[in-house]
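Notes to accompany the following structure.
The values are calculated or read from the model by the stated rules, or taken from the named source; none is laboratory data. All values derive from a computational prediction rather than experimental measurement. Heads up, the Cβs are rebuilt from the backbone with ideal geometry, glycines too, and the neighbour counts pull from every protein chain shown. Please note that ligands, DNA and RNA were not included when accessible areas were found on the heavy atoms of the full protein model with its side chains. Shrake-Rupley method; radii C 1.70, N 1.55, O 1.52, S 1.80 Å.
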Amino acid sequence: MSIAAIAFTVEILFTRWMSQRGIPVTTQLLARSLGQVVWIAPTIAASGLAIFATRRLALHLVRGFSSVSTWGLYFLSFALLDLATATVLSFTNVMFTTLAAGPLLRERVTAARWAGTLAGFMGVAIMLRPGTDIPLGGAAAALGAALCWCGITLSSRALTRTESTRSVIAWVGLITTLCATPLAIYFWQPISLTDVLILAAFGLITPTILLLLTEAFRAGEASAVAPFQYLRLPIVTLAGWLIFAETPDATAWAGAAVILVGATIITIAEARAPR
């Protein structure tokens with residue numbers, strides 16, 4: 001999980017670098033989607049079209065659309081915000097998921113999860129206080145990405161009850177690529193050969209994050225492993241300070257601390273919940 005936190009940092013540094021080079025976010029999104037397809041191609045080749053056999057097409061579509069929306073908004077948020085702020089706001093996905101899990105999946109939302117959710121949204125209110133220097137467009141993109149992440153989490157929980165992991169991943173790769181392609185074409189900007197190589201490296205590296213997260217939960221207890229994902233914040237903050245001279249103000253740090261407390265409470269409660 002610690003290595004995954006570093007991989008997340010590498011990903012967002014790539015997105016910031018590519019945005020500064022003038023590569024549209026939609027092109028970055030297509031590169032990421034194609035990278036997923038490359039990674040699952042051997043599985044598709046071995047299984048054939050049978051891997052796409054399903055009776056839950058609508059849910060696969062929700063999972064795929066949620067994924068492409070999440071990553072598009074996520075990349076955009078890092079183009080508009082400082083790295084630490086965008087990272088902290090991305091952690092609100094656990095709060096949105098808690099709110100949605102009860103009515104949509106009929107899951108019991110415990111007192112700990114409610115407390116973590118309220119704390120998280122209090123932290124957001126502190127960070128986005130009136131007169132803040134945080135661009136509201138960037139904050140909206142970050143919170144939109146976190147909200148769309150609920151679609152990924154909730155649809156994945158529902159799909160794994162009847163579908164194989166390989167089938168879910170194959171459908172995600174297919175749908176995200178089909179969605180990202182027209183967007184990339186519409187917002188296309190000429191890029192150099194160097195940019196093409198950067199996009200290729202980006203697309204092939206980013207799927208390792210999913211692999212690292214999966215192996216982290218396979219190797220250790222969820223309640224012990226999950227909180228390590230929040231190492232992303234100090235690593236990203238250090239990178240933002242060293243590379244881009246970004247330093248959030250004291251009030252932003254106060255809001256970030258409250259969000260992290262709320263997210264950690266929910267993460268631990270979720271990890272310890274009986275299955």
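So if R0 is 41 Å, what FRET efficiency would Glu246 and Leu99 give, r being the distance between their Cβ atoms, rounded to the nearest 0.05? Write down the numbers at each step before the final one.
Details: r = 30 Å, r/R0 = 0.74.
The computed FRET efficiency comes out at 0.85.
At a Förster distance of 35 Å, what's the computed FRET efficiency of Arg21 paired with Leu136, Cβ-Cβ distance as r, to 0.05? Intermediate values should be presented prior to the final figure.
Numbers: r = 25 Å, r/R0 = 0.73.
E(calc), rounded to 0.05, equals 0.85.
Show me the trypsin sites (Lys or Arg not before Pro) within segment 38-101 that DSSP assigns to loop and that have at most 10 other Cβ atoms within 10 Å of their Cβ.
Details: sites: Arg55, Arg56, Arg63; in loops: Arg55, Arg56.
In loop regions of segment 38-101 (DSSP not H, G, I, E or B), the sparsely surrounded trypsin sites (Lys or Arg not before Pro) are Arg55.
Could you tell me which label, among (i) 35; (ii) 29; (iii) 25, carries the value of percent of Cα pairs over 30 Å apart calculated for this structure?
(ii)
Residue by residue through segment 157-170, what is 3J(HN,Hα) from phi via Karplus (6.51 cos²θ - 1.76 cosθ + 1.60, θ = phi - 60°)? Round to whole Hz and write x for glycine and proline.
4, 5, 5, 5, 6, 10, 10, 6, 4, 4, 5, 4, 5, 4
Taking +1 at the Cβ of each Lys and Arg and -1 at the Cβ of each Asp and Glu, which of Pro190, Ala58, Val37 sits farthest along the dipole of the chain towards its positive end, judged by Cα position relative to the Cα centre?
The one lying farthest along the dipole's positive direction is Ala58.
Write down the accessible area per residue of segment 9-87 in Å², having rolled a 1.4 Å probe over the full set of protein chains.
Working: 3250 Å² over 79 residues.
On a per-residue basis, 41 Å².
How far apart, in nm, are the 7 Å Cα→Cβ label points at Ala112 and Leu204?
4.3 nm
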